[in-house]
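Reading through the structure tokens given below for one structure.
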Amino acid sequence: MSWIENRFEEGLVVTSLDWVLNWSRLNSLWPLTFGLACCAIEMMATGMSRFDLDRFGMGAFRPTPRQADLMIVAGTVTYKMASRVRRLYNQMADPKYVIAMGACTVGGGPYFKHGYHVVKGIDLVVPVDVYVPGCPPRPESLLEGLMRLQDKIRGRTIARRPGPADIA
Amino acid sequence: MTPEEVASLIGSAFPDAVVDAPMNTLHPAVGVVPDRWREVALFLRDDPRLRFNLLRCLSGVDRIAEGRIELVYDLMSLRPAGDGRPWSCGAVAAVRIGVPRDGGSLPSVADVWPAAEWHEREVYDLLGVSFDGHPDLRRILCPDDWVGHPLRKDYVFPVEYHGIPGSTEFGQRSPRH
């Protein structure tokens, strides 16, 4: 949506358009099918009927990054895997979001000190929107993280942000 | 069959291949000379009294104080049980082989026990022991361009790998044991 973003001043039309765009984006976040370790089991549980990710319109796990909006990095990221994570992130279409799920992904977790092969936080590889701590986080935690991501999307606008020219 | 009996059988067949190894431990193992390991392996697999037809595990131990790396081959003999069950466990045994830490190598037994192929790749990857005659001796866990062998006790952590910083906030660069 970069062709429309950052072009208009704030106004009634822009605000309504914002609302529609954000409403549609945050209620159809399609995650990438992407599980790396034990956190993926909790991510699967979140998608199943007991916790039911489909309530939020997020149940459509896409097998290709080109159709996905959200990457839930669920599990230990090794240096060997980090280059693949970065490539998958680069293949996703904008707007794209990343959730770091679990202690390993947030900051190395139990492998922080002795893990020669574990990336000390996925934010060293791709930009992260929401961190969900836990080892592994329960499905409620992941749902909370997803709702915080929805809040973040709800605050977006296509209106022109004040730049250096506006201040001067 | 006890480990002592396995050791005496190997010792009677190859008198110069067996070295002394402690037997009264939790994991008794027969010590074998690296150069004779291939013949001993074929003997362990094919001798009708032994028939160790399964390699259960291959482990490597870094004895840094003694300047060598020990390889422990865990063997098992599976035979038809004859009472309805498909297999029964005949006997278990272990073989312990020491190779020098620097440039140590050992004959490969990947064609004796097919399970050894990936196990030997893992030992090569993590401890840096090379296996002569292995069909495909590449790293198996670490990336191909990884530097060093991570399970060696004097291993140094990478500072960065393809642009990703590697050290921790404590500046720790090597494993503590």
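What to note about this one:
- A simple count of charges around A:Ala100, restricted to other residues whose Cβ falls under 9 Å of its Cβ and scoring Lys, Arg +1 and Asp, Glu -1, yields -2.
- Restricting attention to region B:3-165, close to 85% of DSSP beta bridges with both partner residues there are antiparallel.
- Efficiency of FRET from Cβ geometry, A:Arg160 and B:Lys153, R₀ 45 Å, rounded to 0.05: 0.15
- Straight-line reach from A:Lys113: taking Cα to Cα under 16 Å and skipping same-chain neighbours fewer than 8 places apart, the lysines in range are B:Lys153.
- For the pair B:Thr25 and A:Arg50, label points projected 7 Å from Cα toward Cβ lie 4.4 nm apart.
- Note on A:Lys152: lysines with a C-alpha under 27 Å away, same-chain residues under 8 apart excluded, are A:Lys96, A:Lys120.
- Note that region B:3-165 presents 50 Å² accessible area per residue, ligands and nucleic acids not counted, probe 1.4 Å.
- Stokes-Einstein diffusion coefficient of chain A, Kirkwood radius over Cα pairs, 20 °C, 1.002 mPa s, in µm²/s: 127
- Inter-site label distance for B:Trp118 and B:Ser59 at 7 Å from Cα along Cβ, in nm: 1.9
- Choice from A:Ser49, A:Ser24, A:Ser141 with maximal GNM fluctuation in chain A (Cα, 10 Å cutoff): A:Ser49
- Summed buried accessible area for A+B [probe radius 1.4 Å, Å², rounded to 100]: 1400
- Relative contact order (%) - criterion: Cα under 8 Å, at least six apart; region: chain A: 28
- Projected-area average for the protein assembly as shown over all orientations - Cα convex hull basis, square nanometres: 25.4
- Taking the Cα centre of the protein assembly as shown as origin and assigning +1 to Lys and Arg Cβ atoms and -1 to Asp and Glu Cβ atoms, the resulting dipole is close to 780 debye.
- Mean per-residue shielding of peptide B:135-143 is 2, counting Cβ atoms of other chains within 10 Å of each Cβ.
- B:Trp113 sits among other residues whose Cβ lies under 15 Å from its own Cβ, and their net charge, with Lys and Arg +1 and Asp and Glu -1, is -3.
- The angle between the Cα long axis of helix A:79-91 and the longest principal axis of the Cα atoms of chain A comes to about 20 degrees, rounded to the nearest 10.
- Dipole in debye (nearest 20) - region A:21-68, about Cα centre, beta carbon charges: Lys, Arg +1; Asp, Glu -1: 160
- Rel. contact order, % - alpha carbon contacts under 8 angstrom, at least six apart, region B:3-165: 17
- Charge tally around B:Pro28: other residues with Cβ under 10 Å, Lys/Arg +1 each, Asp/Glu -1 each, net 0.
- Threshold 30 Å² - residues in region A:104-150 whose accessible area is reduced by that much or more when the chain is no longer isolated, probe 1.4 Å: A:Phe112, A:Lys113, A:His114, A:Tyr116, A:Lys120, A:Leu124
- Spatially, region A:20-45 and region B:153-167 are offset by 32 Å when compared through their Cα centroids.
- Efficiency of FRET from Cβ geometry, B:Asp145 and A:Val20, R₀ 45 Å, rounded to 0.05: 0.40
- Taking the 1.4 Å solvent-accessible surface of chain B as the whole, the part contributed by carbon and sulfur is 54%.
- Simple point charges give the picture: +1 on the Cβ of Lys and Arg, -1 on the Cβ of Asp and Glu, and for region B:3-165 a dipole about the Cα centre of about 380 debye.
- Only DSSP H runs of four or more residues enter the estimate; each adds -39500 (n - 2.57), and after division by the residues of chain B the mean residue ellipticity at 222 nm equals -5500 deg cm²/dmol.
The values are calculated or read from the model by the stated rules, or taken from the named source; none is laboratory data. All of these numbers come straight from a predicted model, not from anything done at the bench. Cβ: placed from backbone, ideal geometry, glycine included. Neighbour counts: every protein chain shown. These area figures cover heavy atoms from the full protein model, side chains too; ligands, DNA and RNA do not enter into them. Shrake-Rupley method; radii C 1.70, N 1.55, O 1.52, S 1.80 Å.
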